[in-house]
Amino acid sequence: MPTEKTHQKVIASFIELLETHRIEEITYTAIADNAGVKIEVVRACCNGKLDLLAAFMQDIDQKVLKERDPDLMDETRRDRLFDVLMCRLDIMEPHREAVRNLRKTVVKDPALAMHMHKLVTRSMKWMLVAAGIEEFGLRSVGMSNALALGFERLVRVWLEDDAPGHPKVMVAVDDMLANGEKWMGRACRVEKVAAPFIEGLGRLCQRSSRPTGKSTPPPEAANGGAEASP
């Protein structure tokens with residue numbers, strides 16, 4: 001099995017090629033040659049280019065979590081999430097052209113767009129964790145998906161904002177989080193109203209899944225108590 005160092009070399013090779021090529025133009029032979037490894041090593045590192053994208057995004061997640069400042073936990077949830085998202089964009093900065101080229105294909109390929117949304121949603125779950133916001137169940141799914149949609153829009157602004165410090169991005173993040181607070185407030189109110197109905201539905205499902213109490217009679221009872229023949 002390839003070492004972690006080799007695995008990272010293959011990921012870096014792929015992202016480096018993505019800076020100058022669209023994803024569909026990148027061959028596995030090119031990834032191997034650029035990484036200085038044999039093509040079978042690339043196969044040992046991944047099942048395909050989408051795996052390399054997932055590994056790259058996981059690496060970004062880990063870097064954001066590593067940069068997490070415990071002192072931020074004293075701030076509001078909105079301020080913490082603002083800092084986390086700006087940190088993520090800062091870490092992505094060296095890979096800006098790779099992200100730009102990836103988006104060129106994403107906007108034309110629905111299958112890739114769906115897969116990327118899944119990856120971004122997973123990353124946004126960890127960005128919420130980095131901001132000290134941890135939910136479970138439907139609320140976690142809803143928050144992660146909503147943040148993923150918002151972040152995908154932020155990336156468009158980020159790619160077009162060449163000014164130092166990305167002031168347009170900062171405004172866009174702030175606006176997105178302000179709108180998110182409003183929607184979360186509405187969702188919480190709906191959740192409170194729906195809670196009794198959901199609880200009742202759960203009890204009904206449990207009741208319907210219970211055995212009726214009828215059981216199949218044993219063979220001897222079915223045969224009038226006669227012994228089974230040898």
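The values are calculated or read from the model by the stated rules, or taken from the named source; none is laboratory data. Since the structure is predicted, the reported quantities are computational estimates derived from the model, not experimental observations. Positions of Cβ are backbone-derived with ideal geometry, glycine not excepted, and every protein chain shown enters the neighbour counts. The protein model used for the area step is the full one, side chains on, heavy atoms only, and it has no ligands, DNA or RNA in it. Shrake-Rupley method; radii C 1.70, N 1.55, O 1.52, S 1.80 Å.
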I'd like the full set of residues that are touching a helix residue (DSSP H, G or I) at 6+ places or on another chain (Cβ under 8 Å), open to solvent by 30 Å² or more (accessible area, probe 1.4 Å), in contact (Cβ under 8 Å) with a residue 12 or more places away in the chain and not in a loop (DSSP other than H, G, I, E, B), limited to the stretch 104-146.
HIS115, HIS117, ARG122, LYS125, TRP126, ARG139, GLY142, ASN145, ALA146
Counting only residues that are within 24 Å of the chain's Cα centre (by Cα) and more than 22 Å from ARG100 (Cβ to Cβ), the stretch 11-41 contains a total of 0
Residue pairs, Cβ under 9 Å, 6 or more apart or interchain, first in the stretch 1-30 and at pLDDT below 95, second open to solvent by 10 Å² or more (accessible area, probe 1.4 Å) and among the aliphatic types (A, V, I, L, M). List them.
MET1/ALA44; PRO2/VAL37; PRO2/VAL41; PRO2/ALA44
Odd one out for MET86 among (1) over 19 Å from MET170 (Cβ atoms); (2) open to solvent by less than 80 Å² (accessible area, probe 1.4 Å); (3) touching a residue at least 40 places away in the same chain (Cβ under 8 Å)
(1)
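Of all residues in the stretch 147-179, which are of a type in the set (Gly, Ala, Ser) and either at pLDDT 90 or above or not in a helix (DSSP H, G or I) (or both)?
Let us first name the residues in the stretch 147-179 that are of a type in the set (Gly, Ala, Ser), namely 148, 150, 163, 165, 172, 178.
Within the stretch 147-179, ALA148, GLY150, ALA163, GLY165, ALA172 qualify.
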Yes/no for ALA172 being surrounded by 14 or more Cβ atoms within 10 Å (Cβ to Cβ) and over 12 Å from the mean Cα position of the chain (by Cα):
yes
Quick check on the stretch 90-103. Is at least one of its residues surrounded by fewer than 17 Cβ atoms within 10 Å (Cβ to Cβ) and in contact with a His (Cβ under 7 Å, 6 or more places away or on another chain)?
no
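Of everything in the stretch 25-38 that's among the β-branched types (Val, Ile, Thr) and surrounded by 15 or more Cβ atoms within 10 Å (Cβ to Cβ), which residue is farthest from GLN8 (Cα to Cα)?
Just the residues of the stretch 25-38 that are among the β-branched types (Val, Ile, Thr), to begin with: 26-27, 29, 31, 37.
This time we only want the ones that are surrounded by 15 or more Cβ atoms within 10 Å (Cβ to Cβ), so: 26, 31, 37.
Working: ILE26: 18, ILE31: 12, VAL37: 12 Å.
Ranking the qualifying residues of the stretch 25-38, first place goes to ILE26.
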Out of all the residues in the stretch 43-54, is one or more under 30 Å from MET170 (Cβ atoms) and open to solvent by less than 40 Å² (accessible area, probe 1.4 Å)?
yes
Residues being free of Cβ contacts under 8 Å to residues at least 24 places away in the same chain and either in contact with a helix residue (DSSP H, G or I) (Cβ under 8 Å, 6 or more places away or on another chain) or not aliphatic (A, V, I, L, M) (or both): count how many of those fall in the stretch 150-168.
9
